[in-house]
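Notes follow the structure.
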Amino acid sequence: MNSRASRPATQWRVGRRSLLKAAGATAAATAASGMTAGIARAATRRNAAGDEIADAIIIGAGYAGGTVARELSAQGMSSIILEARDRVGGRIWTDTFAGAQVEVGGGWVGAQQVLVQRELSRYGITTEIDVAPERMMLPSENGFESMTPTEALAVLSPLWAEFYAGADDYFERPSEPLYRRDLLEGVDWKSLADRLDEIALSPTEFMRLNGETSMYSGGPSTIGALTGMAQWFQLAGGTYGSFLSTADKPAGGMTALLDAMLADAQADVRFDSPVTSITESGGQVTVETTGGATFAAPVVVVATPTNVWKHISFQPGLPPAQAAAAGDGIGVPHSKKMWLHVSNKEAVTVQAEEGAPIAMLMSAQELDEGRLMVAFPGPSLDTSDAAAVQQAVQQLLPGTSVLDYRSQDWGRDPWSRGGWGLRRPNQLLDLFPQIEEPHGRILFAGADIAQGWHGAYIEGAVESGLRAAQQALSLA
């Protein structure tokens with residue numbers, strides 16, 4: 001058995017999901033030349049200072065950055081995308097493991113996500129339903145209780161309806177989250193743990209809700225905001241069943257759409273180019289990378305996770321909302337994801353209680369020998385310890401052997417410093433809409449700061465990218 005590097009997000013749905021819908025993924029295998037198929041390299045242009053120049057510099061080759069590049073290209077603007085990694089996608093990553101295609105980061109899209117559906121249609125990309133479990137195992141006071149997915153939905157739906165009671169009022173228009181600011185002032189301060197403490201639950205009911213809220217938080221349920229998850233719930237349709245239905249997979253993987261967008265833009269992507277500083281002066285923005293390369297443009301779009309902002313030097317410094325987001329972070333700090341090749345062929349999903357070494361374990365593709373499973377470890381599991389991983393799986397599925405696995409700790413990834421985004425308490429009212437506004441000629445984009453499907457969804461990244469592109473065009 002050996003451990004390898006990997007990255008986050010997946011869910012059970014009663015049709016397959018109850019975890020976290022996390023951002024999009026990258027199937028684009030980076031060629032030996034360091035470029036993804038379809039990505040162009042523009043002829044170098046330089047100014048008198050020797051900086052390489054373009055109409056716009058985009059930092060980050062994820063869905064937000066790809067959307068900006070595509071939109072600017074359609075208006076005749078050239079852009080250079082600076083990407084710290086050797087691949088596109090960021091926290092979204094389609095790769096292979098055990099001979100199968102897997103989503104190391106990101107997982108699903110849904111019919112409710114209208115921008116993504118429009119983009120999929122634009123590029124002729126179809127979707128398919130993910131593997132559905134045949135059996136669910138939920139925690140109880142007396143150990144795990146086995147039930148069918150239909151039985152599990154019947155048990156959990158009324159609990160989540162109580163948990164989100166009132167959300168249809170304070171998120172009357174969930175795609176316009178500040179529409180009922182007056183009502184949000186009474187709830188935005190609450191963490192997921194605060195909400196759990198407010199409602200009358202039996203010990204078993206508490207374990208079942210808290211197991212999921214802690215999984216989304218990547219640790220204690222004190223991390224995530226009630227309004228963060230409640231907005232997702234309302235955007236999905238306002239029922240637990242509709243929330244779980246966001247479980248389609250694009251043909252070709254989660255980065256298939258991003259690859260199409262970048263090819264459409266004829267994007268000039270520079271891999272292995274981490275940005276160290278961004279300086280605006282005299283109507284021009286200069287960007288420097290760790291290798292000492294410098295780039296200049298009339299506008300720069302920062303399309304990286306918010307948790308990375310504090311590791312970039314901004315001159316002038318960040319305004320209050322962006323500075324607060326950089327300091328506190330929006331990406332979930334302790335997020336890990338594992339893909340496991342196990343001996344058990346059963347299609348089963350196991351949800352554990354908060355504090356368990358593995359928060360959720362879900363079956364994926366069946367293989368000639370055994371099956372793939374996706375696991376979301378808690379902070380306590382050392383995923384580099386193969387014996388500890390085997391023991392954690394055995395606690396959930398006794399008799400199951402781990403034949404091989406790979407893991408990714410997104411919190412330790414230097415280019416994300418956290419996993420999927422989930423707003424903290426008070427961040428909606430304290431940061432929005434200011435966090436979306438330009439800072440001179442420095443603009444910001446990314447799923448973390450989207451108004452609608454924020455944080456864990458490529459829908460939010462596309463939304464934010466479209467907004468940033470319009471801002472860039474207005475400054476051109």
Check: In what sequence, highest mean first, do 441-447, 328-334 appear when ranked by Cβ atoms within 10 angstrom?
Finding: 441-447, 328-334
Notebook entry, point to check: What number, in percent, do you get for the relative contact order of the chain if the mean sequence gap of Cα pairs under 8 Å and at least 6 apart is divided by its residue count?
Noted result: 26
Notebook entry, point to check: Measuring with a 1.4 Å probe in the full set of protein chains, what accessible area per residue, in whole Å², belongs to segment 137-265?
Noted result: 35
Notebook entry, point to check: Of the heavy-atom accessible surface of segment 295-348 (probe 1.4 angstrom), what whole percent is carbon and sulfur?
Noted result: 59
Item checked: Solvent exposure of segment 348-392 as accessible area per residue, Å², 1.4 Å probe -> 34
Next item on the list: Taking amide H positions as placed in the peptide plane 1.01 Å from N, state which residues far from ALA347 in sequence (5 or more) or on other chains have amide H under 5 Å from it.
Entry: GLU134
Item checked: 222 nm mean residue ellipticity, helices alone, for the chain (DSSP H n ≥ 4; -39,500 (n - 2.57); rounded to 500) -> -8000 deg cm²/dmol
Notebook entry, point to check: So what are the three principal axis dimensions of segment 214-263 from its Cα atoms, in whole Å, longest to shortest?
Noted result: 41, 24, 15
Margin query: Going by Cα centres, segment 219-242 and segment 114-191 are how many Å apart?
Written below: 6
Next item on the list: Could you tell me which label, among (1) 33, 31, 22; (2) 37, 27, 24; (3) 36, 25, 19, carries the value of semi-axes √(5λ) of the Cα gyration tensor in Å calculated for this structure?
Entry: (3)
Notebook entry, point to check: Tell me, in nm to one decimal, what length is gained between SER175 and ASN47 on full extension, where the rule is 0.36 nm per residue of separation less the Cα-Cα distance?
Noted result: 41.9 nm
Checklist line | Straight-distance crosslink candidates among aspartates and glutamates, where the alpha carbon sits under 13 Å from LYS337 and sequence neighbours closer than 8 are dropped | finding: GLU103, ASP382, ASP409, ASP413
Note to self: Compute, for the chain, the length of the dipole vector about the Cα centre, with Cβ point charges of +1 (Lys, Arg) and -1 (Asp, Glu) only. Units Debye, rounded to 20.
What the structure shows: 920
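The values are calculated or read from the model by the stated rules, or taken from the named source; none is laboratory data. Everything numeric in this text was worked out from a predicted model, so none of it was measured. Quick reminder, even Gly has a Cβ in these numbers, built from the backbone with ideal geometry, and neighbours come from all protein chains shown. Remember, those area values only see protein heavy atoms, side chains included, never the ligands or the DNA or RNA. Shrake-Rupley method; radii C 1.70, N 1.55, O 1.52, S 1.80 Å.
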